[in-house]
Amino acid sequence: RVADARSAFWDAQTAKSQLSNEVSNLRELLEEKDLGPHDMYLSLKNECYSLDSGEYTYEVCLLDRAAQIENRNGARQNLGSFTGFGENGVHTVLQYRHGAKCWNGPERSMTVEFECAEEIKLLSVKEPEKCEYHAVMSGPFACALPASEPESAREPESAAEAATEPKHIHIHDEL
């Protein structure tokens, strides 16, 4: 029937449009955003972590936004949107800027510092200056990478790797 064909056409058009938008967003993300060395923050983009501090719950969404939520009534204050990493490209410090304006004060902002740990967690939030927040989070990407060895000095990590590593054969052409 014609009605079924039209419906299927518009469903396909909608799905195509959604996929096209998703591709554009991913392309923009990969081409224009600094996601850290080896794109280490890519899988965590927009992942949110919360900490209940009594009067407020703080929420940090990596590479996206930060918020302060009043526990008694749920009112949200925008603490800023992700604007980049710390000075000199330090990828363990994230900057969130241009949040809601404080009464008689500056726009809210947050600096998030990461420390080395296996689990990703929001550990603490303080307000050292009016409407300027400092958060400490933990995560594995803040851990120092082991010094890399020259490829030839490295031992195979597994039997499978040892079996697939190229063998150096010396051929002696003696007559």
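The values are calculated or read from the model by the stated rules, or taken from the named source; none is laboratory data. Worth saying up front: this structure is predicted, and the values here are computed from it rather than measured. Quick reminder, even Gly has a Cβ in these numbers, built from the backbone with ideal geometry, and neighbours come from all protein chains shown. These area figures cover heavy atoms from the full protein model, side chains too; ligands, DNA and RNA do not enter into them. Shrake-Rupley method; radii C 1.70, N 1.55, O 1.52, S 1.80 Å.
Please enumerate the residues belonging to the range 78-112 that are basic (Lys, Arg) and crowded, with 16+ Cβ neighbours inside 10 Å. Break it down stepwise before answering.
We begin by selecting, within the range 78-112, every residue basic (Lys, Arg); these are 97, 101, 108.
Correct list: Arg97, Arg108.
Show the residue pairs that are 6+ apart or on different chains and have beta-carbon atoms under 7 Å apart, the first residue being within the range 111-123 and among the small types (Gly, Ala, Ser), the second being crowded, with 16+ Cβ neighbours inside 10 Å.
Correct list of pairs: Ala117/Ser138; Ala117/Gly139.
Mind checking which residues of the range 113-135 are under 16 Å from Phe85 (Cα atoms), open to solvent by less than 60 Å² (accessible area, probe 1.4 Å) and modelled with pLDDT under 95?
Within the range 113-135, Phe114 is the sole residue that qualifies.
Mind listing whichever residues of the range 52-69 are open to solvent by 40 Å² or more (accessible area, probe 1.4 Å) and either touching a Pro at 6+ places or on another chain (Cβ under 8 Å) or more than 17 Å from Arg97 (Cα to Cα) (or both)?
Asp52, Ser53, Gly54, Glu55, Tyr56
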